[in-house]
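The values are calculated or read from the model by the stated rules, or taken from the named source; none is laboratory data. The structure displayed is predicted, hence computed values, not measured ones. Neighbour counts are summed over all protein chains in view; Cβ atoms, including those assigned to glycine, are modelled from backbone coordinates with ideal geometry.
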Amino acid sequence: MSGPSKNFLMLESTTITSTTTARSTANAERSALVADALRLSGRLRLQVHGESMLPALWPGAVVEIASCSLEDVRPGEIVLARRDGRLFLHRLVSTCKPQGFLLRGDSMPGSDPQFPAEALLGRLVNKADERRGVSGFDMKWFGVKWSRALGMVLCHCSVARRLALKFHSRGQASAREFRSPEQATELGSGELGAL
């Protein structure tokens, strides 16, 4: 009886591996398309999916990226880079000329491994806010240092991270309801409670 169980586990493992491989191939293709589109057009809008830049960027935020070179950016700016078929929208920590540059997410415990200079695709120039539309990306009121400090709290305190994400998602749901009240009235109270 252990023989068939062993084969079943191997088949399951093979399925997971092929699914993971297919997913990473699709991600690599998507990131290559993003890089090409940005090089051709000079500007591109993307939706943020990760939590590594909390609180500066939240999952679901739409950002505008402008193509630039490594000489055009300064430490503290949020840049888009591509490595190993993945896109990284993180803060520039430093340039290591001519080898490349270092990035770090505001809510990540450490810097990313060094990127080669050609991995830089562009920098964040605008962030779309569902309540206010597109605005110039400016953190003067909050500050880069405060964003990174709060990001470290969210990195090391999972309870704070979960609460921040929950409050943010509820705020986004409220904003959607406020913009389209006819859709909100169609939802039942049970559906609203699930948000």
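Structure above, values below:
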{"item": "Residue among Ser18, Ser24 that is hydroxyl-bearing (Ser, Thr, Tyr), surrounded by fewer than 11 Cβ atoms within 10 Å (Cβ to Cβ) and modelled with pLDDT under 95", "result": "Ser18"}
{"item": "Within region 90-106, tally of residues that are in contact with a helix residue (DSSP H, G or I) (Cβ under 7 Å, 6 or more places away or on another chain) and among the hydroxyl-bearing types (Ser, Thr, Tyr)", "result": "1"}
{"item": "Yes/no for Leu102 being at pLDDT 85 or above and under 21 Å from Gln47 (Cβ atoms)", "result": "no"}
{"item": "Region 70-84: number of residues that are of a type in the set (Gly, Ala, Ser) and modelled with pLDDT of 95 or more", "result": "1"}
{"item": "Residue that is modelled with the highest pLDDT, among those in region 131-165 that are outside any helix (DSSP H, G or I) and among the hydrophobic types (A, V, I, L, M, F, W, C)", "result": "Cys157"}
{"item": "Qualifying positions in region 69-99 - more than 16 Å from Leu46 (Cα to Cα), under 19 Å from the mean Cα position of the chain (by Cα) and among the hydrophobic types (A, V, I, L, M, F, W, C)", "result": "Leu92, Val93"}
{"item": "Failed item in (1) outside any loop (DSSP other than H, G, I, E, B); (2) touching a residue at least 60 places away in the same chain (Cβ under 8 Å); (3) under 19 Å from His168 (Cβ atoms), with Leu46 passing the rest", "result": "(2)"}
{"item": "Pairs, first crowded, with 18+ Cβ neighbours inside 10 Å in region 149-160, second basic (Lys, Arg), C-beta under 6 Å, six or more apart", "result": "Leu154/Arg161"}
{"item": "Residues within region 49-68 that are surrounded by 15 or more Cβ atoms within 10 Å (Cβ to Cβ) and assigned to a loop (DSSP other than H, G, I, E, B), tallied", "result": "12"}
